[in-house]
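A short worksheet on the structure shown next.
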Amino acid sequence: VQLQASGGGLVQPGGSLRLSCEASGSIFAINAMGWYRQAPGKQRELVALINSGGSKTYAGSVSGRFTISRDNAENTVYLQMNNLKPEDTAVYYCYYGTGSVYYWGQGTQVTVSS
């Protein structure tokens, strides 16, 4: 499975960004896709996940500001990030998992700064 992420960048506090990640290769119908992030000096942490049935999980720090969605036909997951804060600055990694197997995308930088 290959994951191609896009959409990161520099944005001012209070701004918005949308991340996209397309999965290709041997995609299983039952899976979870989503996003983790890693800030400098910190461990990688969950941001949001959505499974193939549409169930969503959010980190408490982003709940109400970020929205995850997916297009199963296109094997693509999206993360709409609104009201961004400086503490959202991190490298965001796309995730795909099925059973005990999981894959990471290459990471895309999100920087929130004035």
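The values are calculated or read from the model by the stated rules, or taken from the named source; none is laboratory data. Everything quoted here is computed from the prediction, not taken from an experiment. For neighbour counting, all protein chains shown are included, and Cβ atoms are generated from backbone atoms with ideal geometry for every residue, glycine included. Quick note on the areas: whole protein, heavy atoms, side chains included, nothing else; ligands and nucleic acids left out. Shrake-Rupley method; radii C 1.70, N 1.55, O 1.52, S 1.80 Å.
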DSSP-loop chymotrypsin sites (Phe, Trp or Tyr not before Pro) across the stretch 1-94, with at most 12 other Cβ within 10 angstrom: Phe28
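Given an 8 Å cut-off on Cα distances and at least 6 residues of separation, report the relative contact order of the stretch 28-94 as a percent.
Across the stretch 28-94, relative contact order equals 34 percent.
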On the full set of protein chains, 1.4 Å probe, figure out the accessible area of Ser113 and give it in Å² to the nearest 10. 60 Å²
Rounded accessible area per residue of the chain, 1.4 Å, Å²: 52 Å²
Between the alpha carbon centres of the stretch 91-114 and the stretch 10-49 the gap in Å comes to 4 Å
Choose one of Thr67, Asn83, Ile50: the residue whose Cα lies farthest towards the positive end of the charge dipole of the chain (beta-carbon charges +1 Lys, Arg; -1 Asp, Glu; about the Cα centre). Asn83
If you consider only alpha-carbon coordinates, what radius of gyration and Dmax does the chain have, in Å? 13.3, 42
